[in-house]
1. Could you tell me which of rounded, prolate or oblate describes region 164-207, using a ≥ b ≥ c as the square roots of the eigenvalues of the alpha-carbon gyration tensor, with rounded for a/c under 1.5 and, failing that, prolate when a/b is larger than b/c and oblate otherwise?
2. Nearest 500 deg cm²/dmol is fine: what mean residue ellipticity at 222 nm does the chain get from its DSSP H runs of n ≥ 4 alone, each adding -39,500 (n - 2.57), divided by its residue count?
3. May I ask for the Kirkwood hydrodynamic radius of region 12-74, worked out over all distinct Cα pairs and given in angstroms to one decimal?
4. Rounded, prolate or oblate: which fits region 370-440 when a ≥ b ≥ c are the square roots of the eigenvalues of the alpha-carbon gyration tensor, with rounded for a/c under 1.5 and prolate only if a/b beats b/c?
5. Rounded, prolate or oblate: which fits region 217-353 when a ≥ b ≥ c are the square roots of the eigenvalues of the alpha-carbon gyration tensor, with rounded for a/c under 1.5 and prolate only if a/b beats b/c?
6. Ranking 271, 213 by Cβ neighbours within 10 Å, fewest first, what do you get?
7. Pull out the extension gain between residue 114 and residue 407, defined as 0.36 nm times the separation in residues minus the alpha carbon to alpha carbon distance; nm, one decimal.
8. Across region 111-339, how large is the tail of the calculated P(r) beyond 29 Å, expressed as a percent of all Cα pairs?
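Quick note: the coordinates plus some simple rules give every number you see, no bench work behind them. This is a predicted model, so every value here is computed, not measured. Ideal geometry is used to build each Cβ from the backbone, glycine not excepted, and the neighbour counts take in all protein chains shown.
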């Protein structure tokens, strides 16, 4: 189990510290099995309850995971450098299609909205004790959630989708708990979970979203929460259909105590209908919508609706820390929501045309790819490194699929947000040359 690393300590805190030191020094690698409680207690000459307390400390700190009869193992250390910061270098004059950003030309001009927010602040300054959510933003968000058929509930405002998801998970879960996530899935989320001491449990998906049988199996194995992307899934572009949402609601109905989080970051820039999962019987749930893709990544704001207890915990914890999200920012987003001159359908049509241009050119060349919605196209490949290297040599930079995968097959992500349709034939031709006659793969799962 531990090889030549001798464990020491008489108290729980000493035993835990010694194991954690071994992990920090690299002497205890991820996956290393720890001795059973009674075996280690006998070796150290302490009570088994002392070892149990030490293991509990390590689990709560995200150092180990405990899996019943399977015992305890060292977890991978939380990432110090996030996956998104590990990028393929972009040579001079190469086309960077790896970033995942919206097209700046399709984002609204912020000047008028910022000016309106500043004027509102002059007329009514926000001071300590002010409500957490700006009334104008609250009205818009509540109306939007109601129009999409979501159950009524309070609304919280936080600093972007990931911040909101982290706060929601923190209301219900403890280190060591498993969270069902899409595979491939959002790289930032896959980094966040181990940083919180949580375990990502992969769920397979296709173009219509998570596969019901895969989600059911993951929940049956004990996952305490599930996070589903409603549309514009990153990296594959998957979008829930009405039929798939119904099947997933049926699975969730059998697990009412599982925390459900729906990530609808595509709201405001996609034209696929929204099909809610909330209301299937989940006692604790939340739906999160972000301003980043529709109005700009620097607008660090998201709104979330959910059950009263979960949202109440999120807001209560927010008051103890950050206090609130700036009402200048909230009023800016509310003004954009009210007055944005580019209708959602117009922006969504541009993004759809750019995705479709590349998908069509790839299909002509026998390359199956995925991109039902959003800003990206996912291309399965036999080998990511060779495909990325060869593409760079042809003047294209894509994102490595390893950023987004747990167990799913290899692939690369191509951001089509600002890919002009006239560029698609050359990119497809170059990708066909890279992949050869086999045309890569077609499987998401």
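1. prolate
2. Here the helix-only value at 222 nm equals -12000 deg cm²/dmol.
3. 11.5 Å
4. Note, shape of region 370-440 comes out oblate.
5. Taking the square roots of the gyration eigenvalues as a ≥ b ≥ c, region 217-353 is oblate.
6. Numbers: 271 16, 213 12.
With the sparsest Cβ surroundings first, the list reads 213, 271.
7. 101.1 nm
8. It works out to 24 percent of all Cα pairs.
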